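Below: one structure, written as structure tokens.
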Amino acid sequence: MDFVNFDPAELAKFQALADRWWDPRSEFRPLHEINPLRLAWIDGLSPLVERKVLDVGCGGGILAESMARKGADVLGIDLADKPLKVAALHAQASGATVAYREISAEALADGCEASFDVVTCMEMLEHVPSPDAVIKACARMAKPGGWVFFSTINRTPWAWLIAIFGAEQVLRILPRGTHDYRKLIRPDELKQAASRAGLELRDQRGLGYNPLTRNFRLHRSLRVGYLLAMQKNRRQPAMKKASSSNQPRMNETDKAPPA
Ligand code: SAH
């Protein structure tokens, strides 16, 4: 049987919480709070109006819908059906025009080579068995010169202290077990995987949280959460289809030092 690049236990976490996705005081509060920051950053680098945009691992559609409101033509994809249903209902109620599909990035890439001006894949790679395969699929689906945005969490003891112990056990802004330290991804690992897929780094930002003011902000340090903006090489040789079946996790193969 073909290797399918998802972890049922990871999807189950998001299925179980789906009905609370749009409650800004719920487990998804961090996503609601970081959304204006990441949206402005993306739109500043690559204006979204009238662009064709793919949001990979869109969940309940917080980012996808906000990009549609900026005038983009957005398709959101995810493998968890409940968040997708919530996303579709919310878009209907709010009048946003977004399309949603239950499909993996790798499967969509087979029919959507070089199809999108912008591909976003936020807070998702750390929940996937082979992030490398998702990165390749995102790169394949971007048009030459198109933009690909990733965000995830660094894998360092400091990131564990802040993003797992602090966020899940002390501040309790995320449910326990949201993140597994071993699946976190160092910026250099993500940059190297993206570069192998034909993407060039254009900008990077760290995500900071002030527990006193309870505010998120974008800053320079990539020590905990971070976002990367990449652009697809214009003179790219045709890329081979991602063969994910026997690929080790990239954080087992790349020995990048901590960022
Ligand atoms: N990107 C959204 C949601 C992040 S939550 C945002 O930042 O607002 C992580 C999402 O990734 C969940 O909706 C989960 O269902 C999805 N996900 C996890 N593994 C996946 C996979 N292998 N393929 C597609 N989506 C996946």
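Assorted remarks:
- Among the residues of the stretch 157-173, the one identified as among the β-branched types (V, I, T), buried (at least 17 other Cβ atoms within 10 Å of the Cβ) and free of Cβ contacts under 8 Å to residues at least 60 places away in the same chain is I164.
- Positions within the stretch 27-57 being closer than 15 Å to A87 by Cβ and out of contact with any strand residue (DSSP E or B) (no Cβ under 6 Å at 6 or more places or on another chain), in sequence order: F28, L31, H32, N35
- Hits in the stretch 180-223 (condition: in a loop (DSSP other than H, G, I, E, B), of a type in the set (A, V, I, L, M, F, W, C), modelled with pLDDT of 95 or more and farther than 17 Å from T120 by Cβ): L184, L222
- Filter result for G71 (within 14 Å of the chain's Cα centre (by Cα), assigned to a loop (DSSP other than H, G, I, E, B) and farther than 16 Å from V148 by Cβ): no
- Meets criteria (small (G, A, S), touching a residue at least 12 places away in the same chain (Cβ under 8 Å) and either within 14 Å of the ligand (Cβ to nearest atom) or touching a Phe, Trp or Tyr at 6+ places or on another chain (Cβ under 9 Å) (or both)) for G71: no
- The lone exception for G111 - which of (1) away from the ligand (no atom under 13 Å from the Cβ); (2) under 16 Å from the mean Cα position of the chain (by Cα); (3) not basic (K, R) it fails: (2)
- Residue selected from the stretch 76-99 under the condition surrounded by fewer than 24 Cβ atoms within 10 Å (Cβ to Cβ) and in a strand (DSSP E or B), by the criterion farthest from the ligand (Cβ to nearest atom): A99
- So A107, is it among the small types (G, A, S), crowded, with 23+ Cβ neighbours inside 10 Å and not in a strand (DSSP E or B): no
- Out of P175, P129, one residue alone is outside any helix (DSSP H, G or I), over 19 Å from L63 (Cβ atoms), within 15 Å of the ligand (Cβ to nearest atom) and modelled with pLDDT under 95. It is P175.
- Residue, surrounded by the fewest Cβ atoms within 10 Å (Cβ to Cβ), within the stretch 6-58, restricted to residues that are under 30 Å from P144 (Cβ atoms) and among the basic types (K, R): K52
- Screening the stretch 10-62 for residues that are assigned to a helix (DSSP H, G or I) and aromatic (F, W, Y) and picking the one that is nearest to the ligand (Cβ to nearest atom) gives F14.
- Taken together, the residues in the stretch 110-120 that are in a helix (DSSP H, G or I) and without any contact (Cβ under 8 Å) to a residue 60 or more places away in the chain amount to 1.
- One residue stands out among those in the stretch 146-172 that are of a type outside the set (A, V, I, L, M, F, W, C) and part of a helix (DSSP H, G or I): the one that is farthest from the chain's Cα centre (by Cα), which is Q169.
The values are calculated or read from the model by the stated rules, or taken from the named source; none is laboratory data. Remember, it's a predicted structure, so these values are computed and weren't measured experimentally. Reconstructed Cβ throughout: ideal geometry from the backbone, glycine too, with neighbour counts over all protein chains shown.
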